[in-house]
Amino acid sequence: GVTHACVLRRRAELGFPADLYLEGSDQHRGWFQSSLLTSVAMNEGAPPYRGVLTHGFTVDAAGRKMSKSLGNVVSPQEVMQHLGADVLRLWVAATDYRSEMTVSDEILKRMSDAYRRLRNTARFLLGNLNGFDPARDRVEPEAMLALDRWVLEQARTLHREVRRAYEAFEFHVIYQRVHNFCVVTLGGFYLDIIKDRLYTTRRDSLARRSAQSAMYHLAEALVRWLAPVLSFTADEIWRHLPGERGPSVLLETWYEPPAVAFPEGMGPAWWERVIQVREAVGKRLEALRVAGAIGSSLDAEVDLYCDARWCEDLSRLGDELRFVLITSYARVHPLEERPPEALAAEVPEGEVRMYATPSAHPKCVRCWHHREDVGRHAEHPELCGRCVENVTGAGETRRYA
């Protein structure tokens, strides 16, 4: 209990008091207590630490203490050999250490799956930033498409939550928030929508550069969120990010995504309403897919019959609503025009009815959208008009998605 005198006071690179004392919960009456008593006596009433963090003990999935006789010991060395050190580190961070920490082969397998989702998100960002030079190609936030501004605002909000959680040593909160952001916000929505822009618009178009600029900011923030936990993975990501940078992310400070201003009527609350409709349409399209009526969502056309407020909200996107819903056509109509076969969409307020059918139009071999203008261009008989413009013309114009 006198390390404050024998260690902190005697090493020039250390200082008194310590920033943190870290031990198991059994040390409340042990090291923490004896250190406090001796320091108060020896240092004019001053405690030896600025903060104390205590954690529970590691137990198996049934809550039993690790024991060789029970055969339930999980060796960290074996975990690192088979799954990697970062998966073990992620398990530690994902577990609320304030209570007992359960571990088993099955728990570590699930953690490996979660790690793979985080890594795959980074891989997608890096893969689509290939050839992007932030000094030359980056689009300023005020010129970005509305969807790209939205995702940057989501990242800014998450950035503040992550910093607060690190300062409070709430590592499980960081894991939950970042994992949910990668799986739901990015993988389940944003990245799914911008694939069309990334793969079909002109290489140097505003539509594509806007998406790449947003992904660049996301990657710069994500690598730093992960670095204290997934240090090896973060350094690997760091080496492949575009632009000039230092030797290691571990030597960097935080990166806060830039602030954005939203187009009139297209703020975060409006996007939440769009997401609600997208989820409802997605359920209907999945039912059609299971029934064998369509293969993918792009094989379908959707007509939405809405009350006045929903009509106004969804009509803001114009023809770009189809890119958000990932369908070949998406049309908005007044509610009173709904046909009897239109199904009710599950939305928290108001009324939206939807009618989804397989598209009868030919499929563009380039973007996979079914469009009525496929085949109208003699030199490109298998392309839709949009793809012809992107291949031979100045390129399509996107404003929102």
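Every number in this text was worked out from the coordinates using simple rules, so none of it is lab data. Computed from a predicted structure; not experimentally measured. Ideal geometry is used to build each Cβ from the backbone, glycine not excepted, and the neighbour counts take in all protein chains shown.
Simple spin-label estimate for E106 and K283 gives 3.0 nm between the two label positions (7 Å along the Cα-to-Cβ direction from each Cα).
Round to the nearest 0.05 the FRET efficiency obtained for K68 and L343 when R0 = 60 Å and r is the Cβ-Cβ distance.
0.50
Between R239 and Y199, what FRET efficiency follows from the Cβ-Cβ distance if R0 is 25 Å, with the result rounded to 0.05? That pair, R239 with Y199, gives E of 0.45.
A simple packing score, the average count of other Cβ atoms within 10 Å per residue, orders the peptides 59-69, 192-202, 41-51 as 192-202, 41-51, 59-69, with the highest score first.
Taking the charge dipole of the range 3-102 about its Cα centre, with +1 at Lys and Arg Cβ atoms and -1 at Asp and Glu Cβ atoms, the residue from L8, S75, G63 reaching farthest to the positive side is L8. Against the chain, whose longest principal axis comes from its Cα atoms, helix 85-94 is set at around 90 degrees. What does the helix-only formula give at 222 nm for the chain: each DSSP H stretch with n ≥ 4 adding -39500 (n - 2.57), the total divided by the residues, and the result rounded to the nearest 500 deg cm²/dmol? Taking each H run of at least 4 residues, the total per residue is -13500 deg cm²/dmol. Multiplying the residue separation of R136 and D26 by 0.36 nm and subtracting their alpha-carbon distance yields 33.9 nm. Evaluated with a Cβ-only charge set (Lys, Arg +1; Asp, Glu -1), the chain carries a dipole of roughly 980 debye about its Cα centre, given to the nearest 20. The modelled label-to-label distance for the pair T253/R331, using points 7 Å beyond Cα in the direction of Cβ, is 5.6 nm.
Using the alpha-carbon atoms, what tilt in degrees (0 to 90, nearest 10) does helix 206-226 show relative to the longest principal axis of the chain? That helix lies at roughly 20 degrees to the long axis. Give the cross-link partners of K68 among the lysines, using a straight C-alpha distance below 25 Å as the criterion and excluding same-chain residues fewer than 8 apart. Reachable lysines: K109. Of all beta bridges that DSSP places with both ends in the chain, some 45 percent have antiparallel geometry.
Stretching the chain fully between D307 and T357 yields a gain of 15.9 nm (0.36 nm per residue, less the alpha carbon separation).
I'd like to know which of T185, C364, M354 lies farthest towards the positive end of the charge dipole of the chain, counting +1 on Cβ of Lys and Arg and -1 on Cβ of Asp and Glu. Final value for the positive-end residue is T185. The simple Förster model, with R0 at 30 Å and r as the Cβ-Cβ distance, assigns T157 and A85 a FRET efficiency of 0.50.
For K363, give me every one of the lysines with a C-alpha distance below 24 angstrom, ignoring sequence neighbours fewer than eight places off in its own chain. Partners found: K195, K283.
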